[in-house]
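Down below is the structure, laid out as C-alpha coordinates.
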Amino acid sequence: MREISALLFFILFQVCDGQPRKFNIPNKIEALLGSCVEIPCYTMEPPDGVNNRKVVWHVKPAPLGKRIIYSTDESQISPDYKNRAELVRPTINNCTLRIHTVKRKDVRTYYPEEEKRSFFVSVSDNVQLEVADRPSEPILSVPREIPVGESITITCMANYTCASSPPTFSWNVVGPYVTERSDLGNGTWAATSKLTYAPSEAENGSIIQCTVTYFGGQTISTTDRINIKGLDQKSNPYIGAIIGVICVILLLPLVFIIWRKRDSCDWRKKSEVSYTSVSDNFR
(Lines give C-alpha, C1' and ligand atoms only; values in the text may rest on other atoms or scores of the structure.)
Protein backbone atom coordinates (compact mmCIF):
# COMPACT_ATOMS: atom_id res chain seq x y z
CA MET A 1 0.00 0.00 0.00
CA ARG A 2 2.88 2.34 0.80
CA GLU A 3 4.45 1.62 -2.60
CA ILE A 4 1.20 2.53 -4.37
CA SER A 5 0.89 5.75 -2.35
CA ALA A 6 4.47 6.68 -3.15
CA LEU A 7 3.87 6.07 -6.87
CA LEU A 8 0.71 8.17 -6.83
CA PHE A 9 2.56 10.94 -5.00
CA PHE A 10 5.36 10.84 -7.59
CA ILE A 11 2.92 11.05 -10.48
CA LEU A 12 1.02 13.90 -8.82
CA PHE A 13 4.31 15.73 -8.21
CA GLN A 14 5.34 15.34 -11.84
CA VAL A 15 2.03 16.66 -13.11
CA CYS A 16 1.85 19.60 -10.73
CA ASP A 17 5.50 20.56 -10.68
CA GLY A 18 5.01 23.78 -12.61
CA GLN A 19 4.08 24.25 -16.23
CA PRO A 20 6.90 23.65 -18.72
CA ARG A 21 8.25 26.54 -20.76
CA LYS A 22 7.45 26.75 -24.43
CA PHE A 23 10.41 27.15 -26.78
CA ASN A 24 10.35 29.37 -29.83
CA ILE A 25 12.87 27.98 -32.36
CA PRO A 26 12.96 27.77 -36.19
CA ASN A 27 11.95 24.57 -37.95
CA LYS A 28 15.07 24.52 -40.12
CA ILE A 29 18.39 26.33 -40.39
CA GLU A 30 21.40 25.99 -42.69
CA ALA A 31 25.01 26.20 -41.51
CA LEU A 32 28.23 26.63 -43.48
CA LEU A 33 30.82 23.86 -43.26
CA GLY A 34 33.71 24.87 -41.00
CA SER A 35 31.94 28.01 -39.81
CA CYS A 36 29.56 28.50 -36.89
CA VAL A 37 25.79 28.53 -36.56
CA GLU A 38 23.49 30.09 -33.99
CA ILE A 39 20.07 28.55 -33.51
CA PRO A 40 17.77 31.22 -32.05
CA CYS A 41 15.81 30.03 -29.05
CA TYR A 42 13.49 32.01 -26.80
CA THR A 43 11.17 30.85 -24.05
CA MET A 44 7.95 32.06 -22.53
CA GLU A 45 7.59 31.86 -18.78
CA PRO A 46 4.63 29.90 -17.41
CA PRO A 47 1.74 31.90 -15.95
CA ASP A 48 2.99 31.54 -12.37
CA GLY A 49 6.35 33.01 -13.42
CA VAL A 50 8.23 30.51 -11.26
CA ASN A 51 10.67 28.38 -13.24
CA ASN A 52 14.38 28.34 -12.50
CA ARG A 53 15.21 25.19 -14.42
CA LYS A 54 18.17 25.37 -16.78
CA VAL A 55 17.90 24.56 -20.47
CA VAL A 56 19.59 21.50 -21.93
CA TRP A 57 20.08 20.96 -25.69
CA HIS A 58 19.74 17.51 -27.21
CA VAL A 59 20.41 15.93 -30.60
CA LYS A 60 18.67 13.06 -32.34
CA PRO A 61 19.15 10.44 -33.57
CA ALA A 62 22.01 9.64 -31.22
CA PRO A 63 22.95 6.71 -29.01
CA LEU A 64 22.28 6.88 -25.30
CA GLY A 65 24.96 8.93 -23.59
CA LYS A 66 25.57 11.11 -26.65
CA ARG A 67 22.24 12.91 -26.85
CA ILE A 68 23.12 15.98 -24.77
CA ILE A 69 25.19 18.55 -26.68
CA TYR A 70 24.91 21.39 -24.17
CA SER A 71 24.40 21.38 -20.43
CA THR A 72 25.77 23.24 -17.44
CA ASP A 73 26.91 19.82 -16.30
CA GLU A 74 29.82 19.19 -18.69
CA SER A 75 29.99 15.52 -17.70
CA GLN A 76 26.71 14.96 -19.55
CA ILE A 77 27.85 16.50 -22.86
CA SER A 78 28.54 14.22 -25.81
CA PRO A 79 32.26 14.01 -26.77
CA ASP A 80 31.29 15.08 -30.32
CA TYR A 81 30.14 18.47 -29.05
CA LYS A 82 32.44 19.21 -26.11
CA ASN A 83 33.92 22.72 -26.51
CA ARG A 84 31.81 23.15 -29.66
CA ALA A 85 28.40 24.06 -28.26
CA GLU A 86 27.45 26.93 -25.97
CA LEU A 87 24.60 29.30 -25.21
CA VAL A 88 24.78 32.84 -26.62
CA ARG A 89 24.08 35.57 -24.03
CA PRO A 90 21.96 33.19 -21.89
CA THR A 91 19.15 34.72 -19.87
CA ILE A 92 15.99 33.33 -18.33
CA ASN A 93 14.28 33.81 -21.72
CA ASN A 94 17.21 33.38 -24.13
CA CYS A 95 18.40 29.85 -24.91
CA THR A 96 20.10 30.50 -28.26
CA LEU A 97 22.59 27.74 -29.12
CA ARG A 98 25.90 28.29 -30.93
CA ILE A 99 27.79 25.42 -32.56
CA HIS A 100 31.44 26.03 -33.53
CA THR A 101 33.36 24.42 -36.40
CA VAL A 102 30.32 22.94 -38.13
CA LYS A 103 30.88 19.42 -39.48
CA ARG A 104 29.02 17.37 -42.06
CA LYS A 105 27.93 14.91 -39.37
CA ASP A 106 26.11 17.76 -37.59
CA VAL A 107 23.22 17.31 -40.03
CA ARG A 108 20.67 16.18 -37.44
CA THR A 109 17.67 17.32 -35.42
CA TYR A 110 18.18 19.41 -32.30
CA TYR A 111 15.82 20.40 -29.52
CA PRO A 112 15.95 22.19 -26.17
CA GLU A 113 14.22 21.08 -23.02
CA GLU A 114 14.17 21.91 -19.36
CA GLU A 115 16.58 20.23 -17.05
CA LYS A 116 14.83 17.46 -15.10
CA ARG A 117 11.83 17.69 -17.36
CA SER A 118 8.66 15.93 -16.29
CA PHE A 119 8.25 12.50 -17.82
CA PHE A 120 4.72 13.44 -18.85
CA VAL A 121 5.78 16.39 -21.04
CA SER A 122 6.57 15.49 -24.64
CA VAL A 123 9.11 17.32 -26.78
CA SER A 124 7.45 18.97 -29.76
CA ASP A 125 9.87 21.81 -30.62
CA ASN A 126 12.88 20.79 -32.70
CA VAL A 127 15.03 22.24 -35.48
CA GLN A 128 16.59 20.48 -38.46
CA LEU A 129 20.18 21.54 -39.15
CA GLU A 130 21.48 21.38 -42.74
CA VAL A 131 25.12 21.89 -43.72
CA ALA A 132 26.26 23.60 -46.95
CA ASP A 133 29.71 22.79 -48.34
CA ARG A 134 30.06 26.20 -50.01
CA PRO A 135 28.43 29.59 -49.34
CA SER A 136 25.85 31.00 -51.72
CA GLU A 137 27.09 33.57 -54.23
CA PRO A 138 26.74 37.15 -52.92
CA ILE A 139 24.39 39.57 -54.66
CA LEU A 140 26.37 42.42 -56.27
CA SER A 141 24.38 45.48 -57.38
CA VAL A 142 26.10 47.90 -59.81
CA PRO A 143 24.21 50.70 -61.66
CA ARG A 144 23.76 49.95 -65.36
CA GLU A 145 25.29 53.26 -66.41
CA ILE A 146 27.60 55.36 -64.24
CA PRO A 147 27.82 59.12 -64.92
CA VAL A 148 31.38 60.35 -65.46
CA GLY A 149 32.86 62.03 -62.39
CA GLU A 150 29.93 61.22 -60.08
CA SER A 151 30.09 59.11 -56.93
CA ILE A 152 27.81 56.07 -56.84
CA THR A 153 26.94 53.38 -54.28
CA ILE A 154 27.67 49.74 -55.12
CA THR A 155 26.28 47.08 -52.77
CA CYS A 156 27.29 43.49 -52.06
CA MET A 157 24.97 41.32 -49.91
CA ALA A 158 25.60 37.91 -48.33
CA ASN A 159 23.44 35.78 -46.02
CA TYR A 160 24.77 33.99 -42.96
CA THR A 161 23.45 32.10 -39.91
CA CYS A 162 26.03 32.89 -37.23
CA ALA A 163 24.65 36.16 -35.92
CA SER A 164 27.50 37.17 -33.61
CA SER A 165 30.23 36.37 -36.20
CA PRO A 166 29.20 38.11 -39.45
CA PRO A 167 31.25 37.80 -42.67
CA THR A 168 33.70 40.48 -43.78
CA PHE A 169 33.93 42.18 -47.19
CA SER A 170 36.75 43.34 -49.43
CA TRP A 171 36.76 45.14 -52.82
CA ASN A 172 39.25 45.28 -55.69
CA VAL A 173 38.78 49.05 -56.03
CA VAL A 174 39.60 51.87 -53.65
CA GLY A 175 36.75 53.65 -51.88
CA PRO A 176 35.12 54.00 -48.46
CA TYR A 177 32.54 51.36 -47.52
CA VAL A 178 30.33 50.48 -44.58
CA THR A 179 28.72 47.18 -43.58
CA GLU A 180 25.11 46.92 -42.41
CA ARG A 181 23.36 43.89 -40.92
CA SER A 182 19.69 42.95 -40.88
CA ASP A 183 17.72 40.12 -39.30
CA LEU A 184 15.79 38.11 -41.91
CA GLY A 185 14.19 35.89 -39.28
CA ASN A 186 14.52 32.23 -38.26
CA GLY A 187 18.24 32.57 -37.62
CA THR A 188 19.16 33.98 -41.05
CA TRP A 189 20.93 37.33 -41.30
CA ALA A 190 21.98 39.54 -44.22
CA ALA A 191 25.24 41.49 -44.27
CA THR A 192 25.46 44.27 -46.87
CA SER A 193 28.61 46.17 -47.80
CA LYS A 194 27.99 49.61 -49.36
CA LEU A 195 30.90 51.00 -51.38
CA THR A 196 31.10 54.67 -52.40
CA TYR A 197 32.93 54.83 -55.72
CA ALA A 198 33.72 57.44 -58.39
CA PRO A 199 35.15 55.70 -61.49
CA SER A 200 37.18 57.50 -64.14
CA GLU A 201 36.71 57.28 -67.91
CA ALA A 202 39.72 54.97 -68.11
CA GLU A 203 37.86 52.40 -65.98
CA ASN A 204 35.04 51.97 -68.48
CA GLY A 205 34.54 48.24 -69.06
CA SER A 206 36.74 47.22 -66.13
CA ILE A 207 35.75 44.52 -63.63
CA ILE A 208 34.62 45.26 -60.07
CA GLN A 209 34.87 42.40 -57.57
CA CYS A 210 33.40 41.83 -54.12
CA THR A 211 34.89 39.10 -51.90
CA VAL A 212 33.11 37.74 -48.82
CA THR A 213 35.04 35.95 -46.06
CA TYR A 214 33.00 33.89 -43.61
CA PHE A 215 33.86 32.99 -40.03
CA GLY A 216 35.99 29.87 -40.30
CA GLY A 217 37.87 31.00 -43.42
CA GLN A 218 35.67 30.16 -46.40
CA THR A 219 35.59 32.86 -49.11
CA ILE A 220 33.52 33.53 -52.20
CA SER A 221 33.69 36.30 -54.82
CA THR A 222 31.35 37.81 -57.38
CA THR A 223 32.07 40.26 -60.21
CA ASP A 224 30.38 42.73 -62.53
CA ARG A 225 31.45 45.18 -65.25
CA ILE A 226 31.59 48.98 -65.02
CA ASN A 227 29.77 50.89 -67.78
CA ILE A 228 30.42 54.63 -67.97
CA LYS A 229 27.33 56.53 -69.16
CA GLY A 230 27.56 58.17 -72.61
CA LEU A 231 31.27 57.56 -72.98
CA ASP A 232 30.91 55.96 -76.42
CA GLN A 233 29.03 58.98 -77.75
CA LYS A 234 31.38 61.55 -76.22
CA SER A 235 33.68 63.29 -78.77
CA ASN A 236 37.39 62.59 -78.50
CA PRO A 237 39.57 65.74 -78.74
CA TYR A 238 42.22 63.80 -80.66
CA ILE A 239 39.95 62.14 -83.19
CA GLY A 240 40.32 64.99 -85.75
CA ALA A 241 44.08 64.83 -85.72
CA ILE A 242 44.03 61.05 -86.00
CA ILE A 243 41.67 61.14 -88.99
CA GLY A 244 43.85 63.85 -90.61
CA VAL A 245 46.98 61.73 -90.32
CA ILE A 246 45.19 58.70 -91.75
CA CYS A 247 43.93 60.76 -94.69
CA VAL A 248 47.43 62.13 -95.43
CA ILE A 249 48.88 58.63 -95.39
CA LEU A 250 46.19 57.40 -97.76
CA LEU A 251 46.53 60.41 -100.11
CA LEU A 252 50.34 60.36 -100.39
CA PRO A 253 50.44 57.56 -103.02
CA LEU A 254 47.76 59.32 -105.07
CA VAL A 255 49.63 62.66 -104.91
CA PHE A 256 52.84 60.92 -105.93
CA ILE A 257 51.15 59.27 -108.92
CA ILE A 258 49.60 62.57 -110.03
CA TRP A 259 52.94 64.34 -109.64
CA ARG A 260 54.66 61.68 -111.69
CA LYS A 261 52.07 61.91 -114.43
CA ARG A 262 52.24 65.68 -114.49
CA ASP A 263 56.03 65.61 -114.70
CA SER A 264 55.80 63.16 -117.56
CA CYS A 265 53.35 65.40 -119.43
CA ASP A 266 55.62 68.44 -119.01
CA TRP A 267 58.53 66.46 -120.43
CA ARG A 268 56.46 65.43 -123.40
CA LYS A 269 55.37 69.01 -124.05
CA LYS A 270 58.94 70.22 -123.87
CA SER A 271 60.00 67.49 -126.30
CA GLU A 272 57.26 68.43 -128.74
CA VAL A 273 58.27 72.10 -128.57
CA SER A 274 61.91 71.25 -129.24
CA TYR A 275 60.98 69.05 -132.15
CA THR A 276 58.84 71.79 -133.65
CA SER A 277 61.68 74.29 -133.32
CA VAL A 278 64.15 72.00 -135.07
CA SER A 279 61.70 71.34 -137.86
CA ASP A 280 61.19 75.08 -138.44
CA ASN A 281 64.91 75.65 -138.68
CA PHE A 282 65.26 73.04 -141.41
CA ARG A 283 62.61 74.73 -143.39
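Points worth noting:
- Listed peptides 63-70, 105-112 appear in the order 105-112, 63-70 once ranked by packing, highest mean of other Cβ atoms within 10 Å at the front.
- Karplus-based coupling profile of the range 161-176, in residue order and whole Hz: 10, 10, 3, 7, 10, x, x, 10, 10, 9, 10, 8, 10, 8, x, x, with θ = phi - 60° in 6.51 cos²θ - 1.76 cosθ + 1.60 and x standing for Gly or Pro.
- Taking amide H as placed 1.01 Å from N in the peptide plane, K229 has its amide H under 5 Å from the amide H of I146, V148, each at least 5 places away in sequence or on another chain.
- Distances between placed amide hydrogens fall under 5 Å for V131 paired with A31, all partners being 5 or more residues away or on another chain.
- Karplus 3J(HN,Hα) series, Hz, for the range 207-216 with 6.51 cos²θ - 1.76 cosθ + 1.60 (x for Gly, Pro): 9, 10, 10, 10, 10, 10, 10, 8, 4, x
- Phi-derived couplings, Karplus 6.51 cos²θ - 1.76 cosθ + 1.60 at θ = phi - 60°, listed residue by residue for the range 188-195: 9, 10, 10, 10, 10, 9, 10, 9 Hz, with x used for Gly and Pro.
- In the full protein context, the range 70-209 carries 54 Å² of accessible surface per residue, based on a 1.4 Å probe and ignoring ligands, DNA and RNA.
- Cα gyration tensor shape of the range 130-187, rounded if a/c is under 1.5, else prolate or oblate by comparing a/b with b/c: prolate
The values are calculated or read from the model by the stated rules, or taken from the named source; none is laboratory data. None of these values were measured; they are calculated from a predicted model. Counting neighbours? That spans all protein chains shown, and the Cβs are built from the backbone with ideal geometry, glycine included. Each accessible area value is taken on the protein alone, full model and side chains, heavy atoms only, with ligands, DNA and RNA left out. Shrake-Rupley method; radii C 1.70, N 1.55, O 1.52, S 1.80 Å.
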